[in-house]
Amino acid sequence: MSDRQQAVHRYLDGFRRSDHEAVLALLTEDVVWRIHGARTTRGKAEFDGEIEHPAFEGSPLLEADRMLEAGDVVVVTGTGQGRHRETGAFRFAYNDLFTFRGELIAEVDSYVVPLG
């Protein structure tokens with residue numbers, strides 16, 4: 001497993017534990033997170049607010065099914081579960097593309113599909 005793939009595993013583990021420090025340590029200062037169809041977050045300060053978003057309860061359960069690397073990009077596909085404060089439990093499939101600058105994550109492109 002490459003250093004970048006290991007970084008993505010640490011990122012996912014950080015989200016599973018709502019560990020802000022662990023996640024933020026993996027990001028560039030000007031990181032951009034695009035959750036396509038929902039919102040775009042720019043910079044570490046905004047990103048920090050998404051690690052434990054106020055609309056959700058607890059930490060997400062994330063399963064990484066597949067990981068591929070090409071050049072500066074690591075792609076992860078998987079499934080997850082979370083709990084929205086107003087609508088309750090939900091399941092989803094996701095595809096995250098992590099673009100690295102050096103050893104840090106500079107961009108995250110997330111595609112999320114609700115599961116029934």
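What the table shows:
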{"item": "Read-out Cα extents along the principal axes in Å, derived from the coordinates shown; its label in (1) 40, 29, 25; (2) 49, 29, 27; (3) 33, 31, 29", "result": "(1)"}
{"item": "Segments 81-89, 30-38 sorted - mean Cβ within 10 Å per residue, highest first", "result": "30-38, 81-89"}
{"item": "For Leu12, net neighbour charge (Lys/Arg +1, Asp/Glu -1) across residues whose Cβ lies under 12 Å away", "result": "-2"}
{"item": "Full-stretch length increase - His53, Ala38 - with 0.36 nm per residue and alpha-carbon distance subtracted", "result": "4.1 nm"}
{"item": "Residues Leu24, Leu12, sorted so that the one with the fewest Cβ neighbours within 10 Å comes first", "result": "Leu24, Leu12"}
{"item": "The chain: relative contact order as a whole-number percent, Cα under 8 Å and 6+ apart", "result": "25"}
{"item": "The range 74-116, relative contact order in percent, only Cα pairs under 8 angstrom and at least six apart counted", "result": "35"}
{"item": "Two-site label geometry, Ala70 and Arg10: point separation in nm, points 7 Å out along Cα→Cβ", "result": "2.6"}
{"item": "Nearest 10 degrees, 0 to 90: helix 3-17 Cα axis against the chain principal axis", "result": "20"}
{"item": "Phi-based couplings in Hz for the range 25-35 (Karplus 6.51, -1.76, 1.60; Gly and Pro marked x)", "result": "5, 8, 10, 6, 4, 9, 3, 10, 10, 9, 9"}
{"item": "Whole-Hz couplings from phi, Karplus 6.51/-1.76/1.60, listed for the range 48-65; x for Gly and Pro", "result": "4, x, 8, 4, 10, 5, x, 7, 10, 9, x, 9, x, 8, 10, 10, 9, 8"}
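Values quoted throughout were computed directly from the atomic coordinates according to the rules given, and no laboratory measurement underlies them. On a predicted model such as this, the values are computed, not experimentally measured, just so you know. Please note: Cβ atoms are built from the backbone with ideal geometry, for glycine as well, and neighbour counts cover all protein chains shown.
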